[in-house]
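Notes follow the structure.
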Amino acid sequence: MPWDSEFDSMMNQFVVVRPFVSEDAYGEATYGTGIEYRCYIDSEPRQIIDQEGQTVVSNTKIYFAGPQPITLKDVVILPDEAGDDPPRERPIISVSTLYDDVSPHHTEVHV
């Protein structure tokens, strides 16, 4: 199936994802260097079901083209918060890869 160029044209924003590296004996997480991803950001609050089956509020839904190596343990820095000192790192509530007829189409991340 050909790539959806209309969907791709929506990817006109960027976020930084800091990948989870490890956790110390006190439960404090360590994250790697941030990776910038092209995406589309939808900042409308909504109720979602998190990975543990609980109903929670997600203030932002981020769309990434194709499958992405983003996990629940990573953190996201949104563009309007990148200039904060230090930048606000948002925990990820859920990660889903959605498929078209034959392959992964996009990844949705709620923060």
task: Determine the calculated [θ] at 222 nm for the chain from helices alone, applying -39500 (n - 2.57) to every DSSP H run no shorter than 4 residues and normalising by the residue count; nearest 500 deg cm²/dmol.
output: -1000 deg cm²/dmol
- prompt: When only C-alpha pairs under 8 Å and at least 6 residues apart count, what is the relative contact order of the chain, in percent?
  reply: 25
task: Provide, as a two-decimal number, the C-alpha radius of gyration of the chain over 2.2 N^0.38 Å, N being how many residues it has.
output: 1.11
- request: Only Lys, Arg, Asp and Glu count, each charged at its Cβ (+1, +1, -1, -1), so figure out the dipole size of the chain about its Cα centre, rounded to 20 debye.
  value: 60
query: Looking at the P(r) of the range 45-101, how many percent of alpha-carbon pairs lie beyond 19 Å?
result: 38
task: Subtract the Cα-Cα distance of D50 and S96 from 0.36 nm times their separation in residues, and report this length gain in nm to one decimal.
output: 15.5 nm
field: Full-extension gain in nm, D24 to R88, via 0.36 nm per residue minus C-alpha separation
entry: 20.9 nm
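Where a number appears in this text, it was derived from the coordinates with a stated rule and is not lab data. Because the structure is a prediction, the values reported are computed rather than measured. Neighbour counts are summed over all protein chains in view; Cβ atoms, including those assigned to glycine, are modelled from backbone coordinates with ideal geometry.
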